[in-house]
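*Asks:* Before I ask anything, let me first share the structure, which is written out below as structure tokens.
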């Protein structure tokens, strides 16, 4: 039965890709951006599916197992707050992309600054730090298929890469978007079914939670398991998603594919609601898994969800978890392959003084090579999914200051932008080798802080003229922006540290407070923030 479900899922993906191919048009703009026609619903679905990866399903469950419920608001609120960048950066980038014909994020930076050094640095960072994140997708698949079906890790990882490769090559972004819609719905509905089935098998949410809160109270409080979340680390994670997620090239490229400003605005409004619902399931299951899977450690915790399903439910649910996990990781992997190939074929060739390659053979060769690279990187993961992802995200966050400057600061100096990237990535390397003190924060805070200082100082000392930003700060409506900033401050509820507090429906009240803030984001992002 499980094999039938799995095979049916793969057949549906291929059929959707073939259907999308019927609407395809010749040219790179259609292959990579679906001719810039994505409406609100399809844009929301593909933005969410692109951003929710193996990290979402397996990494969140592993983090829930290690840290407890403290991980949920870090992701639900933090990622939901990131939706503000759909408007702050997405709308200006969409307009500039349409005007200049830019297809990739680095290409957009080239049209803005006309500086080869900055263009090269921006491109290298996006490629170098996206490849490890690409590897997380076959990594998650390998863990899942090994735990559920006994398939060797390398074979399971390779199978998923092969399937994703096929439908990317068939229809480009149009195929990605249509399969994202299908996989996004599967992810949400399947995660809900698995959650309630596991809760029933474990003996009920309140019963299991009541036992665990007395045995492992740290899972229901901050700083969480292992004392991980200090107030500074908490702030760092909330800021991390805002700074890094829009810099994911596969997500940034979706901004350029939007059909209108309204499509991006509507997507921003609903995005926190999606994160608030979907992210709860794997985190809660990671916490409750302690009742049947005690004493997991290290990278082993990233396998807690497939281990829990195989231990407590019938093989049919193993098949369902396979579909949920594959939907999450494949909807990210296909987008990463597509975007990386566009940067190699367009930006890489332009930097070598050649015209961008648009032929099908070149696309096929590059996408296959990138898929192979992702699979090879996944064969020997150096750390947990969370550790790999956090360092990758920090590297991409370095690009945030220069991207904001490109959008709003007309006098930003491209030399200063290039130096800000070099300075930021130098710090990333030094933090990786533990040469620098962390000051209690995640490295992303000092790294982005130094990058911003270098950019601002260089631009103030040597302002440029004759370059045009994508937008202007005068276009912003500051009242709702100020209210959103206040909500972000309130999410840093340091007064709730070191206590479980009162419980409501088997969850601590401080967690309900964070859920309320996520819903507040939905309401505030529904408030018109820009004068159109």
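*Asks:* For the range 462-493, which residues satisfy the criterion of being surrounded by fewer than 12 Cβ atoms within 10 Å (Cβ to Cβ) and touching a residue at least 12 places away in the same chain (Cβ under 8 Å)?
*Replies:* Within the range 462-493, 462, 465, 468, 473 qualify.
*Asks:* Continuing with the same structure: Give the residue, chosen from 24, 61, that is more than 14 Å from the chain's Cα centre (by Cα), under 29 Å from residue 285 (Cβ atoms) and touching a residue at least 12 places away in the same chain (Cβ under 8 Å).
*Replies:* Matching residue, one of 24, 61: 61.
*Asks:* When you go through 378, 397, 371 one by one, which is the residue that is buried (at least 22 other Cβ atoms within 10 Å of the Cβ), at pLDDT 85 or above and under 16 Å from residue 138 (Cβ atoms)?
*Replies:* Just one listed residue meets the conditions, 371.
*Asks:* For the range 410-420, give me the residue count where each residue is crowded, with 21+ Cβ neighbours inside 10 Å and under 17 Å from residue 89 (Cβ atoms).
*Replies:* The qualifying residues number 3.
*Asks:* Right, another one. Please state which one of 248, 228, 220 is over 30 Å from residue 180 (Cβ atoms), surrounded by 24 or more Cβ atoms within 10 Å (Cβ to Cβ) and touching a residue at least 24 places away in the same chain (Cβ under 8 Å).
*Replies:* 220
*Asks:* Could you tell me which residue of the range 323-356 is surrounded by the most Cβ atoms within 10 Å (Cβ to Cβ), considering only residues that are farther than 23 Å from residue 134 by Cα and in contact with a helix residue (DSSP H, G or I) (Cβ under 8 Å, 6 or more places away or on another chain)?
*Replies:* Ranking the qualifying residues of the range 323-356, first place goes to 350.
*Asks:* For the range 417-532, give me every one of the helices (runs of 4 or more DSSP H) that falls completely inside it and has 1 or more residues that are under 24 Å from the mean Cα position of the chain (by Cα) and at pLDDT below 90.
*Replies:* 478-490, 509-525
*Asks:* Is there a residue in the range 314-337 that is assigned to a helix (DSSP H, G or I), touching a strand residue (DSSP E or B) at 6+ places or on another chain (Cβ under 9 Å) and closer than 30 Å to residue 517 by Cα?
*Replies:* No.
*Asks:* A further question on this structure: For residues that are closer than 16 Å to residue 184 by Cβ and either assigned to a helix (DSSP H, G or I) or touching a strand residue (DSSP E or B) at 6+ places or on another chain (Cβ under 6 Å) (or both), tally how many sit in the range 22-54.
*Replies:* Summing the residues that are closer than 16 Å to residue 184 by Cβ and either assigned to a helix (DSSP H, G or I) or touching a strand residue (DSSP E or B) at 6+ places or on another chain (Cβ under 6 Å) (or both) in the range 22-54 gives 14.
*Asks:* When residues of the range 292-312 are filtered for being over 19 Å from residue 218 (Cα atoms), surrounded by fewer than 18 Cβ atoms within 10 Å (Cβ to Cβ) and at pLDDT 90 or above, how many remain?
*Replies:* Qualifying residue count, the range 292-312: 2.
*Asks:* Which of the following residues is at pLDDT 90 or above, part of a helix (DSSP H, G or I) and in contact with a strand residue (DSSP E or B) (Cβ under 8 Å, 6 or more places away or on another chain): 209, 200, 214?
*Replies:* One residue alone meets the criteria, 209.
*Asks:* While we're here: Based on this model, can you work out whether residue 152 counts as out of contact with any strand residue (DSSP E or B) (no Cβ under 7 Å at 6 or more places or on another chain) and modelled with pLDDT of 85 or more?
*Replies:* Judged against the criteria, residue 152 is a match.
Each row is one residue, and each column tells you yes or no for (1) surrounded by fewer than 23 Cβ atoms within 10 Å (Cβ to Cβ); (2) at pLDDT 95 or above; (3) out of contact with any helix residue (DSSP H, G or I) (no Cβ under 9 Å at 6 or more places or on another chain).
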site: 268; (1), (2), (3): no, no, no
site: 273; (1), (2), (3): yes, no, no
site: 287; (1), (2), (3): no, yes, no
site: 290; (1), (2), (3): yes, yes, no
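*Asks:* Can we say residue 73 is in contact (Cβ under 8 Å) with a residue 60 or more places away in the chain and either over 15 Å from residue 177 (Cβ atoms) or buried (at least 24 other Cβ atoms within 10 Å of the Cβ) (or both)?
*Replies:* Spelling it out, residue 73 is indeed in contact (Cβ under 8 Å) with a residue 60 or more places away in the chain and either over 15 Å from residue 177 (Cβ atoms) or buried (at least 24 other Cβ atoms within 10 Å of the Cβ) (or both).
The values are calculated or read from the model by the stated rules, or taken from the named source; none is laboratory data. Remember, it's a predicted structure, so these values are computed and weren't measured experimentally. Note: ideal-geometry Cβ built from the backbone for every residue, glycine included; neighbour counts use all protein chains shown.
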